[in-house]
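The values are calculated or read from the model by the stated rules, or taken from the named source; none is laboratory data. Everything numeric in this text was worked out from a predicted model, so none of it was measured. So basically every Cβ, Gly included, is an ideal-geometry build from the backbone, and we count neighbours across all protein chains shown.
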Amino acid sequence: MKERVKIFTSKRILGLTVTQIVVLLVLIVVLFFFSDSSVIKRIRYESQIRNLESQIEFYREQTNIDKDKLNELQSNKEDLEKFARENYFMKKENEDVFIID
């Protein structure tokens with residue numbers, strides 16, 4: 001039995017014994033897959049980052065569209081009246097409004 005243990009620990013690869021290599025491999029596996037900064041978590045975080053960046057781009061575009069609409073409504077009184085009539089069912093004093101669904 002002692003001879004087997006001696007043979008197992010006496011072989012060296014790159015200056016390390018087999019036992020040291022096995023311990024290093026176990027530590028690397030634990031660090032890459034079971035720690036707080038594991039590979040699996042990193043992949044999930046990268047996916048979330050891509051998703052959030054696409055949402056940021058969508059909302060930036062939506063903000064620009066809304067700013068253009070706001071500028072249009074503020075610059076033209078007729079467009080403002082049309083918008084108020086269509087969306088808020090407002091009317092002038094001498095008008096009748098009919099809502100058709």
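Note on the stretch 68-97: among residues that are outside any helix (DSSP H, G or I) and of a type in the set (A, V, I, L, M, F, W, C), the one that is farthest from the chain's Cα centre (by Cα) is Val97. For the stretch 19-31, the criterion of a residue being assigned to a loop (DSSP other than H, G, I, E, B) and either surrounded by fewer than 11 Cβ atoms within 10 Å (Cβ to Cβ) or in contact with a helix residue (DSSP H, G or I) (Cβ under 9 Å, 6 or more places away or on another chain) (or both) is satisfied by no position. Sub-6 Å Cβ pairs linking a first residue in the stretch 24-40 that is closer than 24 Å to Leu14 by Cβ to a second residue that is at pLDDT 80 or above and in a helix (DSSP H, G or I), at least 6 apart or interchain, are Phe32/Val39, ordered by first then second residue. Just one of the listed residues (Ile65, Ile100, Ile13) is among the β-branched types (Val, Ile, Thr) and under 24 Å from the mean Cα position of the chain (by Cα), and it is Ile65.
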